[in-house]
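Please read the structure below before turning to the comments.
The values are calculated or read from the model by the stated rules, or taken from the named source; none is laboratory data. In this text, all values refer to a predicted model and were calculated from it rather than measured experimentally. Don't worry about glycine lacking a Cβ; one is built from the backbone with ideal geometry, like all the others, and counts go over all protein chains shown. Quick note on the areas: whole protein, heavy atoms, side chains included, nothing else; ligands and nucleic acids left out. Shrake-Rupley method; radii C 1.70, N 1.55, O 1.52, S 1.80 Å.
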Amino acid sequence: MTSVAVPFPLDGVDPAWSRTVSFTESNGIARTAHVLDSWNGRESGVPELTVLCVHGNPTWSYLWRRLLSLAPAHWRVIAVDQIGMGFSERTGSMRRLAQRIDDLAAITAALEIDGPVATVAHDWGGPVSLGWALAHPELLVGVVLTNTAVSQPPNSPAPRLIRAVRSPGVLNAMTVRTQGFVRGTLRLGPHRMSPEIRRGFLAPYATAQSREAIGDFVADIPLDASHPSYAVLEAVAEGVRGLQVPVLLAWGPSDPVFSDLYLNDLLQRMPHADVHRYVGASHLVTEDAPQAIPDILTWLSTLPLPSPLPHREHPSPLPHRGHPSPLPHRGHPSAHLARSDAPAVTDDAPDARHDLLEGLRSRSRDESAAVVELGGKPRIVSWRELSDTVDSLAAGFMAVGITAGDRVAVLIPPGADLTACVYACWRIGAVVVAVDTGLGVRGMGRALRSTAPRHLIAIGRGLALARAVRLSVPGQRILVGTATARSRTLGADALLRDLIPLGAATELPAMPSADDEAVVVFTSGATGPAKGVVYRHAALEAQRDALRLLYSIEADDALVAAFPPWAVLGPALSIATAVPDMDPTSPGTLTARALADAVQAVKARLVWASPAALRSVVETADELSPLQRRALGQVRLLMSAGAPVPMSLLERSLVVVPNAEPHTPYGMTEALPVADISLSQLREAGTGNGVCVGWPVPGVRLRIDPLDSVGEPRGEPTDAVDVTGEICVRAPHLKDRYDRLWATERAATTDDGWHRTGDVGHVDGEGRLWVEGRLQHVVSTDHGPVTPVAIEQAVEGLAGISQAAAVGVGPQGTQQLVIVVVTDAPTRQRSPLAPLELLDQVRAAVERESVSTVLIRKSLPVDRRHNSKIDRQELAAWAADVLAGSRQSARL
């Protein structure tokens, strides 16, 4: 029975936290445990909250050092070293799960811990802490779990790494005789750990004797029911179903040990839990994602604490960026677009609800075309056929086990099959997971895994993608198309067409409520990993109504959906939809002829296209036949959105659709539309600081949170005009939340329902909104914040410049303003540094001597979905490398 001396100094650890605790086991044996205690040495005072931190294997209390250092002074943070681990006593004998739970109870009793207590745990500290929590409900106010497990999910093997280490002859060699297990754990993250931190984690485990408990921990993992700890772990796993306190699951989804499989199991047991998945983080999530510890502290600060002390404030370590209040609605001036008898869209609940399938039902006996596909073999589906198919599929889905609330991933190209599946899911209350191909294979896989769909409906390529990205689908895999030997090897459980008769005897349930979840869609990923965005039925219904009112949409207004996310919009609006012949993954493949054919197919009067698709249409307009030009002449409204739309592109589009009124609605995945402006209104607005996106649409409210001297929102939203800041939005068609991104949602949504868009802009004296760029793209110079869009527009107005991007290089507050350009003619110079003549022209154009450098590239990086959103963060990193003398960067 030995202890290990703490070899201070250790990076990030205050020696004053270190203390030992003596306790007696039930058999009378005295033990000594080491803990880090933020209140060590205090002789008086009662903590507002005690945070009890429990590490797993093979770490120690060092894992929680940043939590101790960042926690508020009126909290007590205790991080224990489990017996045999860290700097606690080595007993020379194995301690199983039940004993470890008892140890933790004895340590907290010796420390005289009283409530309220929140537990924070990692790895196999999870079951230990939960065992303690279940035994102390009178003290417990919250639970935080990071990459842990309480059970092996059915029909899944134990983690490969654990099975490998448990192999005969391997366990002792990897965990005890060498530091292999410890060092391997420290290498699981996406980034190399610093030598100082690595030394801290290795400090207690220098000898084989000090590492015995590491091997015991691995051996105590119950892989089957015969294991001595199986019953105890099972009791914990079942016990957590009854936890009545808030729970946060902070997860590293790249963990090869505790993957999302275990996260989903915990959510099934504790469906009320908040979740944040840190994309890219692995097993040691609090090391891999530096923001995790501050986020955990923020979450802990939201816990409802009993009997708060009146003399103490309860600040959040990471408060909201502001709490804007409602402001009067600025009306949209496009009165000529709206029917005079249309009801206003407001935040108030409507007197009579019109669900998403009402438009489809209203035309259920109509034999005219509802959906027309022009790609490959043309296909026409009537309203009657679509309505019958939706009802039959809905019943068929129920017959094979798809139920209300189930998440259903849909990997089907735009067209009739996609439309039918989406509305059939909505009919029975299932939640559609819509992942578009614009995210790329890697992005699609990451998005799919993040949502944990229970079922999958896909074409053959979709099934192949699901297998390639290792998507776990516990329910049905339904193939859209014809069964082949290959599709059977991909695990298809049923064919979509076979489900139609299968549900003949199934009675459909009542329609889902307005508050039920309807869909999870994804942001473009242009400014970071794509985020899942959850919408409820009420918000989608409000979105439909806002579009119908804004654009005076009637039943005879057919739509050409050249922007894939809107290909399923038609039935909700009760209008026919044509899907043009184009590659939905590449908007630039849409030609003027393909657009004309789609317009002619449904006599469309509405066209929705991304800027990249519209640009391609304009560039191929010379290929149109006289008949196609006449067809395009019937279009009354052209909408282009998804990225900034240059006025010049809208002007040129009139060559293709001469009788249309071009509009560019502004919004984002989280809320669309937010504002709208027509080409004629753009002409009237003229030039200004940014892109004019028009007036808020009916029902939308705006506020601006001014930027401070370094480009951060002040947290004081205002309705003042000509003030640059973050755009805040409130609308009935706003998203419900970000999916499994608790911290992101908290930062982006205020307590009174305003969404922080991440866009920067201002409202002018006429009530028009101008977008000046993204918040993370603001250049923070020593003269104050500089927004990029107006600068880029001015530079693109120079002769010979086709594209421009303004980026900041250097530390915040002293960044250099660098302009990256693409020239019309290829340059022969080997260096990306622009000639001094061009630098002078750019400085004159933007009226800023502070432009430090102009760099030339062959192209600018853009997002996959829109092919037009510039990745300024990538450009900034490239520019920094160029200015630092990187030869490889100089070749781009």
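Need a quick list: helices (runs of 4 or more DSSP H) entirely within region 175-220 having at least 1 residues that are modelled with pLDDT of 95 or more and over 20 Å from M94 (Cα atoms).
Result: 180-186, 195-202.
Which of the residues spanning region 617-658 are in a helix (DSSP H, G or I) and either surrounded by fewer than 16 Cβ atoms within 10 Å (Cβ to Cβ) or small (G, A, S) (or both)?
E619, A621, D622, E623, P626, L627, R630, A631, S648, E651, S653 - these are the residues of region 617-658 that are in a helix (DSSP H, G or I) and either surrounded by fewer than 16 Cβ atoms within 10 Å (Cβ to Cβ) or small (G, A, S) (or both).
List the pairs whose first member sits in region 252-280 and is over 19 Å from G142 (Cβ atoms) and charged (D, E, K, R), whose second member is open to solvent by less than 20 Å² (accessible area, probe 1.4 Å) and assigned to a loop (DSSP other than H, G, I, E, B), and whose Cβ atoms are under 6 Å apart, counting only residues at least 6 apart or on separate chains?
Taking only residues 6 or more apart or on different chains, the pairs are D255/N147; D255/S282; D255/H283; D265/P153.
Output the residues belonging to region 522-539 that are of a type in the set (A, V, I, L, M), open to solvent by 20 Å² or more (accessible area, probe 1.4 Å) and either free of Cβ contacts under 8 Å to residues at least 40 places away in the same chain or out of contact with any helix residue (DSSP H, G or I) (no Cβ under 7 Å at 6 or more places or on another chain) (or both).
A538
So, in region 410-430, how many residues would count as being under 14 Å from G481 (Cβ atoms), part of a helix (DSSP H, G or I) and open to solvent by 20 Å² or more (accessible area, probe 1.4 Å)?
Here the count works out to 2.
If you go through region 547-591, how many residues are in a helix (DSSP H, G or I), surrounded by fewer than 23 Cβ atoms within 10 Å (Cβ to Cβ) and of a type in the set (G, A, S)?
1
Across region 771-806, what is the number of residues that are among the charged types (D, E, K, R) and either touching a Leu at 6+ places or on another chain (Cβ under 7 Å) or in a strand (DSSP E or B) (or both)?
Residues in region 771-806 being among the charged types (D, E, K, R) and either touching a Leu at 6+ places or on another chain (Cβ under 7 Å) or in a strand (DSSP E or B) (or both): 2 in total.
Would you be able to tell me the number of residues in region 718-741 that are closer than 29 Å to L356 by Cα, open to solvent by 20 Å² or more (accessible area, probe 1.4 Å) and of a type in the set (D, E)?
Residues meeting the conditions: 1.
I'd like to check something: does region 810-828 contain any residue that is closer than 30 Å to P453 by Cα and either under 31 Å from the mean Cα position of the chain (by Cα) or in contact (Cβ under 8 Å) with a residue 40 or more places away in the chain (or both)?
Scanning region 810-828 turns up no residue that is closer than 30 Å to P453 by Cα and either under 31 Å from the mean Cα position of the chain (by Cα) or in contact (Cβ under 8 Å) with a residue 40 or more places away in the chain (or both).
So T24 clears everything in (1) buried (at least 20 other Cβ atoms within 10 Å of the Cβ); (2) among the hydroxyl-bearing types (S, T, Y); (3) more than 30 Å from Q179 (Cα to Cα) except one condition, right? Which one?
(1)
Please indicate, with yes or no, whether at least one residue in region 138-152 is out of contact with any helix residue (DSSP H, G or I) (no Cβ under 8 Å at 6 or more places or on another chain), part of a helix (DSSP H, G or I) and either aliphatic (A, V, I, L, M) or under 22 Å from A208 (Cα atoms) (or both).
No, region 138-152 contains no residue that is out of contact with any helix residue (DSSP H, G or I) (no Cβ under 8 Å at 6 or more places or on another chain), part of a helix (DSSP H, G or I) and either aliphatic (A, V, I, L, M) or under 22 Å from A208 (Cα atoms) (or both).
Against the condition of a type in the set (A, V, I, L, M, F, W, C) and under 28 Å from the mean Cα position of the chain (by Cα), how does V560 come out, does it pass?
no
Among residues belonging to region 8-21 that are in contact with a helix residue (DSSP H, G or I) (Cβ under 6 Å, 6 or more places away or on another chain) and part of a loop (DSSP other than H, G, I, E, B), point out the one that is surrounded by the most Cβ atoms within 10 Å (Cβ to Cβ).
Among those that are in contact with a helix residue (DSSP H, G or I) (Cβ under 6 Å, 6 or more places away or on another chain) and part of a loop (DSSP other than H, G, I, E, B), it is V13.
What is the residue count in region 476-493 for residues that are outside any helix (DSSP H, G or I) and either at pLDDT 95 or above or charged (D, E, K, R) (or both)?
Qualifying residue count for the region: 6.
If we scan region 773-784, do we find a residue that is of a type in the set (D, E) and touching a residue at least 40 places away in the same chain (Cβ under 8 Å)?
So far as region 773-784 goes, no, none of its residues is of a type in the set (D, E) and touching a residue at least 40 places away in the same chain (Cβ under 8 Å).
Can you spot a residue in region 38-49 that is open to solvent by less than 10 Å² (accessible area, probe 1.4 Å) and either touching a Lys or Arg at 6+ places or on another chain (Cβ under 7 Å) or of a type in the set (A, V, I, L, M, F, W, C) (or both)?
Yes, the conditions are met somewhere in region 38-49.
For region 221-239, which residues satisfy the criterion of being in contact with a Lys or Arg (Cβ under 9 Å, 6 or more places away or on another chain) and part of a helix (DSSP H, G or I)?
Once the filter is applied, which keeps residues that are in contact with a Lys or Arg (Cβ under 9 Å, 6 or more places away or on another chain) and part of a helix (DSSP H, G or I), region 221-239 yields V232, A237, E238.
When region 724-740 is examined, which residues are found to be small (G, A, S) and more than 22 Å from F522 (Cβ to Cβ)?
Residue satisfying the conditions is G725 alone.
Kindly indicate which of R467, R407, R442, R461 is charged (D, E, K, R), under 17 Å from the mean Cα position of the chain (by Cα) and surrounded by fewer than 20 Cβ atoms within 10 Å (Cβ to Cβ).
The unique qualifying residue is R442.
Give the residue, chosen from G115, G56, that is open to solvent by 20 Å² or more (accessible area, probe 1.4 Å), touching a His at 6+ places or on another chain (Cβ under 9 Å) and not in a helix (DSSP H, G or I).
Of the residues listed, the single one that is open to solvent by 20 Å² or more (accessible area, probe 1.4 Å), touching a His at 6+ places or on another chain (Cβ under 9 Å) and not in a helix (DSSP H, G or I) is G115.
With the requirement that a residue be in a loop (DSSP other than H, G, I, E, B) and more than 14 Å from L456 (Cα to Cα), what does region 386-404 give you?
Across region 386-404, the qualifying residue is only A404.
Among the numbered conditions (1) over 29 Å from S802 (Cα atoms); (2) modelled with pLDDT of 95 or more; (3) among the small types (G, A, S), tell me where G725 comes up short.
Against the list (1) over 29 Å from S802 (Cα atoms); (2) modelled with pLDDT of 95 or more; (3) among the small types (G, A, S), G725 comes up short only on (1).
Scan region 747-767 residue by residue and report those that are assigned to a loop (DSSP other than H, G, I, E, B), on the phi < 0 side of the Ramachandran plot and open to solvent by less than 30 Å² (accessible area, probe 1.4 Å).
T750, W754, D764
Pairs only if they're at least six apart or on different chains, beta carbon under 6 angstrom, first in region 396-423 and under 18 Å from A492 (Cα atoms), second in a loop (DSSP other than H, G, I, E, B) and among the hydroxyl-bearing types (S, T, Y); list them, first residue then second.
As it stands, the answer is M398/T506; A399/T506, since those pairs meet every condition given.
Run L68 past the list (1) over 36 Å from the mean Cα position of the chain (by Cα); (2) surrounded by 23 or more Cβ atoms within 10 Å (Cβ to Cβ); (3) of a type in the set (A, V, I, L, M) and report the number of the one that doesn't hold.
(1)
Just checking, does region 167-177 include any residue being within 24 Å of W64 (Cβ to Cβ), touching a residue at least 24 places away in the same chain (Cβ under 8 Å) and not basic (K, R)?
Scanning region 167-177 turns up at least one residue that is within 24 Å of W64 (Cβ to Cβ), touching a residue at least 24 places away in the same chain (Cβ under 8 Å) and not basic (K, R).
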